[in-house]
1. Pull up segment 60-70, narrow it to residues that are touching a helix residue (DSSP H, G or I) at 6+ places or on another chain (Cβ under 8 Å) and either touching a residue at least 40 places away in the same chain (Cβ under 8 Å) or under 26 Å from residue 112 (Cβ atoms) (or both), then point me to the one that is surrounded by the fewest Cβ atoms within 10 Å (Cβ to Cβ).
2. Of everything in segment 195-212, what is part of a helix (DSSP H, G or I) and touching a helix residue (DSSP H, G or I) at 6+ places or on another chain (Cβ under 8 Å)? Give them in sequence order.
3. Checking the condition within 30 Å of residue 263 (Cβ to Cβ), in contact with a strand residue (DSSP E or B) (Cβ under 6 Å, 6 or more places away or on another chain) and not in a strand (DSSP E or B), which residue from 97, 73, 117, 104 passes?
4. Any residue at all in segment 47-59 that's in contact (Cβ under 8 Å) with a residue 60 or more places away in the chain, touching a helix residue (DSSP H, G or I) at 6+ places or on another chain (Cβ under 7 Å), farther than 20 Å from residue 147 by Cβ and outside the structural domain of residue 226 (by TED's automatic domain parsing)?
5. I'm checking my understanding of the structure. Among residues of segment 236-265 that are over 22 Å from the mean Cα position of the chain (by Cα) and assigned to a loop (DSSP other than H, G, I, E, B), which one is surrounded by the most Cβ atoms within 10 Å (Cβ to Cβ)?
6. Would you pick out the residues in segment 23-46 that are in contact with a helix residue (DSSP H, G or I) (Cβ under 6 Å, 6 or more places away or on another chain), more than 20 Å from residue 88 (Cβ to Cβ) and free of Cβ contacts under 8 Å to residues at least 60 places away in the same chain?
7. What is the number of the single condition among (1) buried (at least 20 other Cβ atoms within 10 Å of the Cβ); (2) touching a strand residue (DSSP E or B) at 6+ places or on another chain (Cβ under 7 Å); (3) more than 23 Å from residue 108 (Cα to Cα) that residue 231 does not meet?
8. Out of 18, 85, which single residue is in a loop (DSSP other than H, G, I, E, B), at pLDDT below 95 and surrounded by fewer than 18 Cβ atoms within 10 Å (Cβ to Cβ)?
């Protein structure tokens, strides 16, 4: 949701805030645009996985009636729920840049209140790279990403050949110059058309294992909680490390560690 046109502030993406429902409408419209573009290029089957916050954000009565929808949190593979080898491509709509990115709207990586930095085999990760690698582990190409300029630049550097659609330019972490939502949808539809139409050229992102996951948490209490899991090592005051032979296991451990660490975040007031 943070990568939608016109969305710039935390209050726009948090349930219970006055602007949140409007952002759900924008998210639904941009998703519909991506579906329309892919359908026009020949795609016939669509599964949409709600991946923001509590993962219950789509306005279902406004969503394209030709899609299946995965809603709700605590699902297998979280943002990657529903992936399997029967799919040709994955689209990432409304994405944001990785935590610590300069010139990016609401940058974070998976846990906005918990993760300070996240590396796999020494390389910093974004949600785009994490999820592209998960898609690749199923043999699914990542074809499209939409969001702000920083998000698209970051994704293009790690996923050469991806179709990127820029919908806004950050002027600060919570300020941007944005396309009008209708124009953003037009560009997303055209990007999706190209992405699916040229799908054979899109990246099949399959990093080689074994995998070493390292997470720097926002505070040391989070690391204290995480090292209670067998095979999770302390690698610094607020850093933990885990090794896996395959990527899907690595990804599942990331999700488990987030569950362990999250209670230690709530000692601070929410924004």
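The values are calculated or read from the model by the stated rules, or taken from the named source; none is laboratory data. What you are looking at is a predicted structure, and each value in this text was computed from that prediction instead of being measured. In this analysis, Cβ positions are derived from the backbone assuming ideal geometry, glycine residues included, and neighbour counts consider all displayed protein chains.
1. Start the filter on segment 60-70 by keeping residues that are touching a helix residue (DSSP H, G or I) at 6+ places or on another chain (Cβ under 8 Å), which leaves 62-64, 66-67, 69.
Then keep just the ones that are either touching a residue at least 40 places away in the same chain (Cβ under 8 Å) or under 26 Å from residue 112 (Cβ atoms) (or both); that gives 63, 69.
Details: 63: 18, 69: 16.
That would be 69.
2. Within segment 195-212, 195, 196 qualify.
3. Values: 97 fails: in contact with a strand residue (DSSP E or B) (Cβ under 6 Å, 6 or more places away or on another chain); 73 fails: in contact with a strand residue (DSSP E or B) (Cβ under 6 Å, 6 or more places away or on another chain); 117 fails: not in a strand (DSSP E or B).
Exactly one residue qualifies, and that residue is 104.
4. Let us first name the residues in segment 47-59 that are in contact (Cβ under 8 Å) with a residue 60 or more places away in the chain, namely none.
Looking through segment 47-59, none of the residues is in contact (Cβ under 8 Å) with a residue 60 or more places away in the chain, touching a helix residue (DSSP H, G or I) at 6+ places or on another chain (Cβ under 7 Å), farther than 20 Å from residue 147 by Cβ and outside the structural domain of residue 226 (by TED's automatic domain parsing).
5. 238
6. Applying the first criterion (in contact with a helix residue (DSSP H, G or I) (Cβ under 6 Å, 6 or more places away or on another chain)) to segment 23-46 yields 23, 26, 28-30, 33-34, 36-38, 40-41, 43, 46.
So of that shortlist, the ones also more than 20 Å from residue 88 (Cβ to Cβ) come out as 23, 26, 28-30.
Of everything in segment 23-46, those that are in contact with a helix residue (DSSP H, G or I) (Cβ under 6 Å, 6 or more places away or on another chain), more than 20 Å from residue 88 (Cβ to Cβ) and free of Cβ contacts under 8 Å to residues at least 60 places away in the same chain turn out to be 23, 28.
7. Here residue 231 meets the rest and fails (1).
8. Details: 85 fails: at pLDDT below 95.
On inspection, the qualifying residue turns out to be 18.
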